[in-house]
Amino acid sequence: MNQQKWVGFFIGSLVALILISFKGQAAESNGSDWGDLGYAQAINPEVESIPSVDEELAQRESLELSQAGVETTESGSEIQSEPIPLKTIKRDSESRRDFTKISTVKNTYGVLTEEQAPIRFFVSPQAGFGSVLGTDAASVLPRYALGGSIGFLISENIRLEGSFVVQEQEFSNLRLNALGGVLPFGFSPSLTLRQNVWSGGAKLFVLGRESRFRPFVGGGMHWSRGALNYSPMNLQILSGQPQFASDFILNQFGGFGEIGAEIAITRAFVAQLNFKLAGVITNTSNDKNLNAGIDPGKSDVGNSVSRSASYLLGAGVGIYF
């Protein structure tokens, strides 16, 4: 998938998430109060009768009779009475039926509310840029990184998360130039590295879901597969030189750590910024399958990148379900 399609996918995902978020927000009570972001919400609380209400009802009935003009002696004989309006009897009967208590817990504001199941699922499209660290084989220019992540809350402060990112970077000023005399005058060789990166790990949030600003730290493992080749313009010029058309395939496995923050816009809609630093544990490539000596520049950059740590700076939006 080319860069334009990825940009379209990201923008479409962003628009869809915003629409879903605002639709869900409108379905809530009135949207005017921040609340505690869903971990406790006062909707349809369960009710139960107060135990031992016979004495309470007896006292209320005595008070009603007294207010209605019925006086009694200690033996219970009637002294005087007058008719009790039907509306008063009906109203008091309904109030007795409503004389109940809410069986619930307190939320962060001390209000008795029904405990609601926590929000658990999280989906987020992301965009940013990334690059390798420490390569001396060429100058590197980050281009873009697009992808997304899905997560699952296992507690108020911990989210398990998996992500997929497609990123691209460009290398110029190659230390070894195998195209001297091959490219026309004025053209310099440049290489493009496109990587598909899968990662999985966990985020630990410093503050709970009742906070709008939530810093986090995280870590996990990642695996990437990349293809290194000359830039599209170079390949077009080299169309008559098939020996330079083979991709340098690079597979890397390693670990990563990250820091960042999540900012709540609504109860379910958030913005996120994160910085990820990844190291390499093992790597493999098809360098032995390339024609050694024909394209040492590509092998030089590819082998240097295969041992280098990398970083990714990304931003995105997310929605909790």
Quick one: length gained pulling Glu170 to Ser246 fully straight, 0.36 nm per residue minus the C-alpha distance?
25.7 nm
What number comes out for the charge environment of Glu258, summing +1 per Lys or Arg and -1 per Asp or Glu over other residues with Cβ under 15 Å away?
+2
Pairs of Cα atoms under 8 Å, at least six residues apart: use those to get the relative contact order of the range 244-309, whole percent.
40 percent
Dipole of the range 189-321 (Lys/Arg Cβ +1, Asp/Glu Cβ -1, origin at the Cα centre): which of Gly316, Ser285, Val301 lies farthest to the positive side?
Gly316
Net charge around Arg307, counting only other residues with Cβ within less than 14 Å of its Cβ (Lys, Arg = +1; Asp, Glu = -1)?
-3
For Val123, what charge total do you get from the other residues with a beta carbon under 13 Å from its beta carbon, if Lys and Arg give +1 and Asp and Glu give -1?
+1
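No value in this document is a laboratory result; all are computed from the given coordinates. As the structure is a prediction and not an experimental result, all values here were calculated from the model. All Cβ positions, even for glycine, are placed from backbone atoms using ideal geometry, and neighbour counts span all protein chains on display.
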